[in-house]
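Chemist: Next up is a structure, given as C-alpha cells.
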Amino acid sequence: MTLNVLSMPKVELHTHIDCSLDFETVVRLQSGMTFQDYCEAFIAPEKCTDLTQFLACIDPALVLLQTKMALQISVDGMIRQLTADNVIYAEIRFAPHLHTRNGLRPEEVVEIVLSQMFESSKREGIYCRLILCTLRHFKAEQSFDVVDLVARYQTQGVVALDLAADEANFPLDEHIGAFRRANTLGLNTIAHAGEARGAGSVQETLDKLSVSRIGHGVRCVEDPRVLERVVNDGIHLEVCPSCNVQTDIFSQLKDHSLNQLKDAGVTLSLNTDARTTTNLSLTQEYERVQEALGWTEQDLLNSSHSALGASFAPDDIKLSVRQKLATFAKEVAG
Ligand SMILES: [Zn+2]
C-alpha cells in the first residue's frame, strides 16, 4: 500500500486554537504584518530550552484574540487549516479565560467560538467539537468556572474539560476539586501530563484527576508500572511528537518514545498540538513519523481509528467518520 499522506482522511484530538494562527489569519487581524515578522513573533524556535519558553511564544496570539471578530477569524482560519490537512473530525481546544482582557465574558467567548466552529466546519464539510481548558497556574475558582462552562455548553458542542500549560512549575492541587466535580457530573476529562515532567506526573494525574485521556503522557515509559497502568486502564495518549522535540523532551524525533508506547499496546494518536507555534500540519507530522520512526500507512490509519475510538464525538458522527476511514482504506487496497 503506497499512498499520498495528504489524501488520507484524519482524526485529530489535540490542537490548540491560540497556537494555530496561520499567516493569512494574522494578516486579517493585524494589517501590515510581513511574513518575516509573523514567523519571528508567532513560530517558536525549533528547539526551545523547555516547555516554559515554548508557552511564552503564544503571547502574541493572545494579544490579538480579545475581540469577537478576532476569535471568529482565528477559528475560521483553524478550520481551513484542518480541511487543507484532510482532517475529517477534530476536537479543538482553548482556555476561554485567556480571552477576556477587553471585557468579553468567558461564556460569550465560548459562544462566539462554538458558533464560528459550527459555521466554518459545516461550510467545509468536516466535524468539529470543542474542549475547554483550565490552566495549571489558574486558581481553584477559575478551574471550577471552566467546569461550569463545560457543563453549561455540553449539549452545544463542548465535549470535555482539559488541564493545560506549565506542568513543571505548577502542581495539580488547585485543580483536584474541579476535576472531581467534573467527573461527578459525568463530564469528559483530559489533562496534559508526562511532558515537562516524567512518569510520576502521569501517575499523579491519573490518581488525582481520573482523566480518560492524557495530552502527551509520552514520558510514562520512564516507569514500567506506569506504562502498564496506562495500557491496562485504556488511557488514550494524544501524542504530539514534533512538539515534544521542540520543547526538548526528546533531542530528535528518532529518539521519541512513540514506538515504545505503540509496541506496549498503548491506545494513542498523532496530533499537531500547535500548528503555528510548532509550524506543522498533521500531514507533515505523519510524514515525519513515517520517515523517522518507520510508521507504515496502516499505522497512520490506525492513529485515526484510535483517535476516533477515544474521541468524545456523538455516535452518529463516529459512525460517519468510521465509514469514511473504511471507504478510504478499501479504495487504497483496491
Ligand atoms: Zn497541548
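Chemist: Please go through the range 278-307 and give me each residue that is hydrophobic (A, V, I, L, M, F, W, C) and closer than 19 Å to Leu13 by Cβ, ordered by number.
Modeler: So in the range 278-307, the residues hydrophobic (A, V, I, L, M, F, W, C) come out as 280, 282, 289, 292-293, 295, 300-301, 307.
Leu280, Leu282, Val289, Trp295, Leu300, Leu301, Ala307 - these are the residues of the range 278-307 that are hydrophobic (A, V, I, L, M, F, W, C) and closer than 19 Å to Leu13 by Cβ.
Chemist: Please find, among Gly198, Gly194, the residue that is within 19 Å of Asn169 (Cα to Cα) and crowded, with 24+ Cβ neighbours inside 10 Å.
Modeler: Values: Gly198 fails: crowded, with 24+ Cβ neighbours inside 10 Å.
Just one listed residue meets the conditions, Gly194.
Chemist: Let me ask something else. Within the range 206-216, can you find the residues that are within 14 Å of the ligand (Cβ to nearest atom) and either surrounded by fewer than 16 Cβ atoms within 10 Å (Cβ to Cβ) or over 11 Å from Asp162 (Cβ atoms) (or both)?
Modeler: Here is the first cut: in the range 206-216, the residues within 14 Å of the ligand (Cβ to nearest atom) are 211, 213-216.
If the condition is that a residue be within 14 Å of the ligand (Cβ to nearest atom) and either surrounded by fewer than 16 Cβ atoms within 10 Å (Cβ to Cβ) or over 11 Å from Asp162 (Cβ atoms) (or both), then His216 is the only one that fits.
Chemist: Follow-up question, since we're still on this one. Within the range 17-32, can one find any residue that is hydrophobic (A, V, I, L, M, F, W, C), open to solvent by 40 Å² or more (accessible area, probe 1.4 Å) and closer than 28 Å to Ser251 by Cβ? Walk me through how you get there before you give the answer.
Modeler: As a first pass, look at the range 17-32 and keep what is hydrophobic (A, V, I, L, M, F, W, C): 17, 19, 21, 23, 26-27, 29.
Now drop any that are not open to solvent by 40 Å² or more (accessible area, probe 1.4 Å), which leaves 23, 27, 29.
From the residues that got through so far, the ones that are closer than 28 Å to Ser251 by Cβ too are none.
Checked against the condition, which is being hydrophobic (A, V, I, L, M, F, W, C), open to solvent by 40 Å² or more (accessible area, probe 1.4 Å) and closer than 28 Å to Ser251 by Cβ, the range 17-32 yields no hits at all.
Chemist: In the list Arg225, Arg219, which residue meets the criterion of being open to solvent by 10 Å² or more (accessible area, probe 1.4 Å), within 16 Å of the ligand (Cβ to nearest atom) and part of a helix (DSSP H, G or I)?
Modeler: Criteria check complete, one pass: Arg219.
Chemist: Tell me, yes or no, whether the range 248-256 has at least one residue that is within 16 Å of the ligand (Cβ to nearest atom), charged (D, E, K, R) and surrounded by 23 or more Cβ atoms within 10 Å (Cβ to Cβ).
Modeler: No: the range 248-256 contains no residue that is within 16 Å of the ligand (Cβ to nearest atom), charged (D, E, K, R) and surrounded by 23 or more Cβ atoms within 10 Å (Cβ to Cβ).
Chemist: Can you work out which of the residues in the range 50-82 that are of a type in the set (S, T, N, Q) and under 13 Å from His16 (Cβ atoms) is least open to solvent (accessible area, probe 1.4 Å)?
Modeler: Selected residue: Ser74.
Chemist: So which residues in the range 273-307 are in contact with a strand residue (DSSP E or B) (Cβ under 9 Å, 6 or more places away or on another chain), of a type in the set (Ser, Thr, Tyr) and within 16 Å of the ligand (Cβ to nearest atom)?
Modeler: Thr277 - this is the single residue of the range 273-307 that is in contact with a strand residue (DSSP E or B) (Cβ under 9 Å, 6 or more places away or on another chain), of a type in the set (Ser, Thr, Tyr) and within 16 Å of the ligand (Cβ to nearest atom).
Chemist: Given the options Asn244, Asn259, Asn188, name the one that is under 16 Å from the mean Cα position of the chain (by Cα), open to solvent by 10 Å² or more (accessible area, probe 1.4 Å) and either modelled with pLDDT of 95 or more or within 16 Å of the ligand (Cβ to nearest atom) (or both).
Modeler: Numbers: Asn244 fails: open to solvent by 10 Å² or more (accessible area, probe 1.4 Å); Asn259 fails: under 16 Å from the mean Cα position of the chain (by Cα).
Only one candidate passes the filter, namely Asn188.
Chemist: Name every residue in the range 294-307 that is open to solvent by less than 20 Å² (accessible area, probe 1.4 Å) and over 16 Å from Val266 (Cα atoms), in order of residue number.
Modeler: If we filter the range 294-307 for residues that are open to solvent by less than 20 Å² (accessible area, probe 1.4 Å), which is where we start, we get 295, 300-301, 303-304, 307.
Answer for the range 294-307, where residues must be open to solvent by less than 20 Å² (accessible area, probe 1.4 Å) and over 16 Å from Val266 (Cα atoms): there is none.
Chemist: Pairs needed: first member in the range 266-288, open to solvent by 10 Å² or more (accessible area, probe 1.4 Å); second member anywhere, within 13 Å of the ligand (Cβ to nearest atom) and charged (D, E, K, R); C-beta distance under 7 Å; at least 6 residues apart or different chains.
Modeler: Note: pairs meeting the criteria are Ser281/Arg275.
Chemist: Grab the helices (runs of 4 or more DSSP H) fully contained in the range 105-215, keeping just those with 3 or more residues being touching a Ser or Thr at 6+ places or on another chain (Cβ under 9 Å). It would help to see each step written out before you state the result.
Modeler: Values: elements: 106-124, 140-152, 176-184, 199-209.
Those helices (runs of 4 or more DSSP H) span 106-124, 140-152, 176-184.
Chemist: In the range 61-79, is there at least one residue being over 27 Å from Lys10 (Cβ atoms), modelled with pLDDT of 95 or more and outside any helix (DSSP H, G or I)?
Modeler: Within the range 61-79, one or more residues are over 27 Å from Lys10 (Cβ atoms), modelled with pLDDT of 95 or more and outside any helix (DSSP H, G or I).
Chemist: Now for a separate question. Run Ala310 past the list (1) touching a His at 6+ places or on another chain (Cβ under 8 Å); (2) closer than 23 Å to Arg197 by Cα; (3) open to solvent by 10 Å² or more (accessible area, probe 1.4 Å); (4) within 16 Å of the ligand (Cβ to nearest atom) and report the number of the one that doesn't hold.
Modeler: It is condition (2) that Ala310 fails.
Chemist: So which of Ala178, Ala196, Ala165 is in contact (Cβ under 8 Å) with a residue 24 or more places away in the chain, of a type in the set (A, V, I, L, M, F, W, C) and at positive phi?
Modeler: Within the list Ala178, Ala196, Ala165, the selection yields Ala165.
Condition check ((1) within 16 Å of the ligand (Cβ to nearest atom); (2) assigned to a loop (DSSP other than H, G, I, E, B)) across all residues:
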position: His14; (1), (2): yes, no
position: Asp18; (1), (2): yes, no
position: Leu21; (1), (2): yes, yes
position: Arg28; (1), (2): no, no
position: Ser31; (1), (2): no, yes
position: Gln36; (1), (2): no, no
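Chemist: Across the range 84-103, which residue is nearest to the ligand (Cβ to nearest atom) among those that are open to solvent by less than 10 Å² (accessible area, probe 1.4 Å) and part of a strand (DSSP E or B)?
Modeler: As a first pass, look at the range 84-103 and keep what is open to solvent by less than 10 Å² (accessible area, probe 1.4 Å): 85, 87, 89-96, 99.
Among the residues that remain, those that are also part of a strand (DSSP E or B) are: 87, 89-94.
Details: Val87: 16, Tyr89: 18, Ala90: 14, Glu91: 12, Ile92: 11, Arg93: 7, Phe94: 10 Å.
For the range 84-103, the residue satisfying everything is Arg93.
The values are calculated or read from the model by the stated rules, or taken from the named source; none is laboratory data. None of the values given here were measured: they were computed from a predicted structure. No Cβ is skipped: glycine too gets one built from the backbone with ideal geometry, and neighbour counts run over all protein chains shown. Accessible surface areas use protein heavy atoms only, side chains included; no ligands, DNA or RNA. Shrake-Rupley method; radii C 1.70, N 1.55, O 1.52, S 1.80 Å.
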